[in-house]
Amino acid sequence: MSMKFYSSLTKKYVIALAGLFLMTFLLVHLAINLLLLFDDSRGLFNIAAHFMGTNPFIQIFQWVLFGGFAIHILIGIVLQIQNWMARPKQYARRNGAEESIFSRYMIYTGAIIFIFLVIHLTNFFIRKISGTVPEITSSDLAGMEDMGLLIVEKFKMGGYVLFYVIAFLFLGFHLDHAFQSAFQSLGLNHPKYTPFIKGLAHLVAIVLTVGFISIPIIIYFFK
Ligand code: HEM
């Protein structure tokens, strides 16, 4: 076993941990966004968004989150390049386990999610930090940012809805593979538990995908 092999294992460890961390962010992000569907006044969502946008602990945590994205993406690119360069050797070895850890589509679905993320942050996050989110004018929340209104306005446009839904389908594909692959990279592979983990991986990927897709669709057609 060469040094290179060890360092690539370390990268797989780190990309797996960062990926699982990003997935917990997605679950929280989804839970907060779903509030928009259950409250037409958008009050619940706006209060949650306001808390997330002002709580000092979460402000610090946001940079940890961006760091998690950066590490995950950079290591993903490096691993993929190494994988491409090692391909002839891998064919010779026919090492199935090694290949399945790094599915050949992850880099492409990942790239699409990255493009989505840049557009998404421009739509919402940049608007927020530049202070151009509309304010609530009536009700006892007057003066608070109406981030919910920004989302509803965007998802009343068919093009946006289509773009988001397509991006979420790629996200679902990425997550479906990622979760079980992360467990494999962390060495948590076990004949008894692996089928359960695979089932859980599918479930989490489906819940996140269906959950995220439901938001633009329901807003477009029913709000
Ligand atoms: C319908 C689905 C989604 C909606 C409505 C939505 C909405 C938002 C909004 C309003 C913000 C700004 C929050 C604020 O700063 O107050 C935001 C931030 C963000 N979103 Fe989303 N989002 C969705 C899906 C996603 C997905 C699938 C991802 C990741 C792949 C994602 C990643 C992020 C990140 C990284 C931030 C910046 C961090 C933060 O502000 O906490 N979002 N999103």
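Coordinate-derived values only; no laboratory data. A quick note: this is a predicted structure, and the numbers were derived from the prediction, not measured. Using ideal geometry, Cβ is built from the backbone for each residue, glycine included, and neighbour counts are taken over all protein chains shown.
Find which of PHE114, VAL133, SER8 sits farthest along the positive direction of the dipole of the chain, computed with +1 on the beta-carbon of Lys and Arg, -1 on that of Asp and Glu, about the Cα centre.
It is SER8.
Helix-derived [θ] at 222 nm for the chain: sum -39500 (n - 2.57) over DSSP H runs of at least 4, divide by residue count, nearest 500?
Calculated at 222 nm, the ellipticity per residue is -26500 deg cm²/dmol.
Over the Cα atoms of segment 25-80, each weighted equally, I'd like the Debye log10 I(q)/I(0) at q = 0.14 Å⁻¹, rounded to two decimals.
Log-scaled intensity ratios, in q order: -0.51.
Once every Cα of segment 3-222 carries one equal point scatterer and solvent is ignored, give the base-10 log of I(q)/I(0) from the Debye formula at q = 0.14, 0.17, 0.18 Å⁻¹, two decimals.
The Debye formula, applied to the Cα set alone, gives -0.94, -1.26, -1.37.
Measuring from centroid to centroid over Cα atoms, what is the spacing of segment 154-219 and segment 125-144 in Å?
31
Based on the mean of other Cβ atoms within 10 Å per residue, sort peptides 112-121, 187-196, 10-19 so the most packed one is first.
Numbers: 112-121: 14.3, 187-196: 10.6, 10-19: 18.5.
Going from most to least packed, we get 10-19, 112-121, 187-196.
Work the Kirkwood hydrodynamic radius out for segment 165-223: mean of 1/r over every pair of different alpha-carbon atoms, inverted, in Å.
The Cα-based Kirkwood calculation yields 12.5 Å.
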